[in-house]
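Peer 1: Let me begin by handing over the structure; questions about it come next.
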Amino acid sequence: MKDKTLLQALILGVGQVGAKILSLVFLFRFANDLGKSTMSLYAFAYVPFSLFADLACFGLIPGTSKLVSKLLGQNDEEKVNYLLKRGTLYCIIAGIFFFLFMLFFSRQILSVSLFDGYDEATFETVRTNLLMASLSLFVLPLLHFYKGFLQGHFIMYPSCISIILENVVKLVLYIVLAKFIYDTKLVFSVFIIYLVGYIASFILLFCYVFPYYRKKSNKFASIPTLLKTSIPFGIATMFFTIYQFIDSISLPILLPVEGYYTAYMFETIRLIFFPIVIAQALGGVLNPRINYMFQEDRVDEAKAIAERCSSLIIFILVPFMILMRYFSADIYNLFYKQENGATILYHVASFILFFGLYKVLIGISLGLPKAHYIIIGTIISAIAKYILNYIFVPKMGYLGAVYATLLAITICILAAYYVLYKEGICLFIKNVKDIILSALTTLGSMLAVVLFRVCFLLNHYPAYYSVILYSVLLIGVYYISIKIFKQTYRYCIK
């Protein structure tokens with residue numbers, strides 16, 4: 001069962017990492033085509049859109065996944081089929097509602113999040129971009145609902161294929177259209193390209209889901225039950241979007257320095273999400289699996305999986321975090337050209353461990369009875385983020401926003417550990433030990449890389465060659481060292 005869970009996580013993780021790579025290639029070309037000033041028009045429209053997209057899809061993937069797995073655990077397959085039909089109608093209504101909300105209140109939304117000193121022409125350009133982005137709200141709720149429905153059946157490969165297809169379509173369309181469209185019209189067109197990519201992904205998922213529509217169904221209070229299940233997930237999984245929105249309305253101090261806002265809010269975040277999506281995939285698989293096991297009273301097996309997976313993600317995230325900091329200049333300059341972007345990436349890389357660990361912890365803990373503590377922790381962390389931003393940012397600039405985020409997400413992490421502790425899954429001490437071991441091993445591996453760099457200078461090769469070489473060397477030495485330590489520890493125990 002442990003290996004099957006990790007295999008499903010691997011399938012979903014491959015899809016998400018592949019999609020992130022394609023997305024980064026797309027954004028790399030897009031950013032270089034636009035330049036600093038025009039890119040900001042995209043960023044100021046994308047941040048509020050992403051917030052309302054999350055609201056429209058509020059907890060649908062993990063919530064639907066949990067409810068479906070719970071019903072299957074109770075042998076209520078006919079209720080699962082009814083949930084599909086009623087959930088489809090709910091998602092259509094949700095998409096229409098949030099699109100109309102964005103249509104009628106876009107001016108008020110932008111007046112809060114757009115920077116000071118904008119002119120009317122800039123405002124209207126950003127508003128048009130926001131409305132074009134909002135067209136995707138017709139598709140996104142159904143897209144998330146279908147993914148959650150299939151993942152609740154422990155079928156992960158359709159989600160894997162769909163997100164890769166979505167990003168392939170976006171990249172191909174952009175390459176074709178970018179030859180004929182320039183400047184601000186390119187931003188407008190990109191949001192249309194996003195919609196086409198979502199539609200392609202939706203059609204693929206619909207093909208997998210369609211047979212379930214024809215199966216016998218049994219009525220129950222499906223939508224209230226779905227909302228009751230999804231709302232905790234929606235609140236807990238929106239923490240990053242909430243943090244970004246708070247940053248977007250509290251960082252005017254960054255705007256006088258050209259490129260800081262885009263580099264902090266958009267570019268560096270895309271780079272650090274490569275390792276985080278691995279944790280996101282693992283958390284997405286753990287959610288229905290842990291819930292299913294608790295329904296069948298297989299608590300000991302759930303504890304074993306939780307312990308193994310939380311340790312695994314720590315041993316993955318820590319070296320990636322340190323690598324991202326060590327090679328911040330090389331990695332950032334491979335994709336973007338902002339003058340201060342590499343320095344921002346160096347500090348933002350700390351998010352990798354915090355966000356990644358929390359995504360795994362909520363995947364475990366939100367399947368448990370005391371999940372309301374997660375909701376409370378997320379709300380408190382959002383309030384703390386808002387207050388800390390206004391304390392730290394005027395004195396420290398973007399670093400203040402970084403530190404505020406780290407402190408706020410720590411509140412969420414502690415809430416998740418508390419829920420697990422109450423259910424008898426005690427991971428805190430073990431995870432702290434894993435972090436210390438992983439950090440020490442990574443630093444030792446880094447020393448080996450530094451010595452290698454001193455002995456074999458490769459300055460005459462392109463930068464990305466040295467980044468790849470040294471990263472492979474560090475990861476290789478790191479995992480060999482971890483393996484040796486574990487074998488030695490087991491031998492000493494015996």
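Peer 1: List the pairs whose first member sits in the range 307-321 and is under 13 Å from Val432 (Cα atoms), whose second member is among the acidic types (Asp, Glu) and assigned to a helix (DSSP H, G or I), and whose Cβ atoms are under 8 Å apart, counting only residues at least 6 apart or on separate chains?
Peer 2: Every condition considered, the pairs that remain are Ser310/Asp434; Ser311/Asp434; Ile314/Asp434; Phe315/Asp434.
Peer 1: Can you find even one residue in the range 169-179 that is outside any helix (DSSP H, G or I) and over 24 Å from the mean Cα position of the chain (by Cα)?
Peer 2: Yes: the range 169-179 contains one or more residues that are outside any helix (DSSP H, G or I) and over 24 Å from the mean Cα position of the chain (by Cα).
Residues checked against (1) surrounded by fewer than 22 Cβ atoms within 10 Å (Cβ to Cβ); (2) out of contact with any strand residue (DSSP E or B) (no Cβ under 8 Å at 6 or more places or on another chain); (3) within 18 Å of Val419 (Cα to Cα):
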position: Ser310; (1), (2), (3): no, yes, yes
position: Lys359; (1), (2), (3): no, yes, yes
position: Ile379; (1), (2), (3): yes, yes, yes
position: Asn389; (1), (2), (3): no, yes, no
position: Gly397; (1), (2), (3): yes, yes, no
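Peer 1: Which of the residues belonging to the range 419-459 are open to solvent by 90 Å² or more (accessible area, probe 1.4 Å), modelled with pLDDT of 85 or more and of a type outside the set (A, V, I, L, M, F, W, C)?
Peer 2: If the condition is that a residue be open to solvent by 90 Å² or more (accessible area, probe 1.4 Å), modelled with pLDDT of 85 or more and of a type outside the set (A, V, I, L, M, F, W, C), then Tyr421, Lys433 are the ones that fit.
Peer 1: Can you tell me which of (1) in contact with a Lys or Arg (Cβ under 9 Å, 6 or more places away or on another chain); (2) under 20 Å from Pro232 (Cα atoms) is the one Ile380 doesn't meet?
Peer 2: Among (1) in contact with a Lys or Arg (Cβ under 9 Å, 6 or more places away or on another chain); (2) under 20 Å from Pro232 (Cα atoms), Ile380 violates only (1).
Peer 1: Shifting gears a bit: Which residues, taken from the range 324-356, are among the aliphatic types (A, V, I, L, M) and open to solvent by less than 10 Å² (accessible area, probe 1.4 Å)?
Peer 2: Result: Ile344, Leu345, Val348, Ala349, Ile352.
Peer 1: With Leu150, Leu130, Leu137 as the choices, which residue is open to solvent by less than 10 Å² (accessible area, probe 1.4 Å), at pLDDT 90 or above and within 23 Å of Ala43 (Cβ to Cβ)?
Peer 2: Selected residue: Leu137, the only one of Leu150, Leu130, Leu137 that is open to solvent by less than 10 Å² (accessible area, probe 1.4 Å), at pLDDT 90 or above and within 23 Å of Ala43 (Cβ to Cβ).
Peer 1: So, in the range 375-404, how many residues would count as being outside any helix (DSSP H, G or I) and under 20 Å from the mean Cα position of the chain (by Cα)?
Peer 2: Qualifying residue count for the region: 0.
Peer 1: Let me confirm something: among Leu437, Leu407, which residue is free of Cβ contacts under 8 Å to residues at least 40 places away in the same chain and assigned to a helix (DSSP H, G or I)?
Peer 2: Leu407
Peer 1: Select from the range 219-240 the residues that are more than 21 Å from the chain's Cα centre (by Cα) and not hydrophobic (A, V, I, L, M, F, W, C) and write down the one among them that is least open to solvent (accessible area, probe 1.4 Å).
Peer 2: Ser222
Peer 1: For Leu317, work out the one condition from (1) outside any helix (DSSP H, G or I); (2) in contact with a Leu (Cβ under 6 Å, 6 or more places away or on another chain) it doesn't fulfil.
Peer 2: Unmet condition: (1).
Peer 1: Considering only the range 206-218, I want to know if a residue exists there that is open to solvent by 50 Å² or more (accessible area, probe 1.4 Å), at pLDDT below 90, part of a loop (DSSP other than H, G, I, E, B) and small (Gly, Ala, Ser).
Peer 2: Checked against the condition, which is being open to solvent by 50 Å² or more (accessible area, probe 1.4 Å), at pLDDT below 90, part of a loop (DSSP other than H, G, I, E, B) and small (Gly, Ala, Ser), the range 206-218 yields no hits at all.
Peer 1: Within the range 333-354, is there a residue that is under 17 Å from the mean Cα position of the chain (by Cα), outside any helix (DSSP H, G or I) and either basic (Lys, Arg) or under 16 Å from Leu406 (Cβ atoms) (or both)?
Peer 2: Checking the range 333-354: at least one residue is under 17 Å from the mean Cα position of the chain (by Cα), outside any helix (DSSP H, G or I) and either basic (Lys, Arg) or under 16 Å from Leu406 (Cβ atoms) (or both).
Peer 1: Something else now. Taking the stated definitions as given, is Tyr465 open to solvent by 50 Å² or more (accessible area, probe 1.4 Å), within 25 Å of the chain's Cα centre (by Cα) and free of Cβ contacts under 8 Å to residues at least 24 places away in the same chain?
Peer 2: no
Peer 1: Could you grab the pairs with beta carbons closer than 6 Å, sequence gap of 6+ or different chains, first residue in the range 329-351 and of a type in the set (Asp, Glu), second one assigned to a helix (DSSP H, G or I)?
Peer 2: Within 6 Å, the pairs are Asp330/Ala463; Asp330/Val467.
The values are calculated or read from the model by the stated rules, or taken from the named source; none is laboratory data. These figures come from a predicted structure and were not determined experimentally. We place every Cβ from the backbone using ideal geometry, glycine too, and count neighbours over all the protein chains shown. Accessible surface areas use protein heavy atoms only, side chains included; no ligands, DNA or RNA. Shrake-Rupley method; radii C 1.70, N 1.55, O 1.52, S 1.80 Å.
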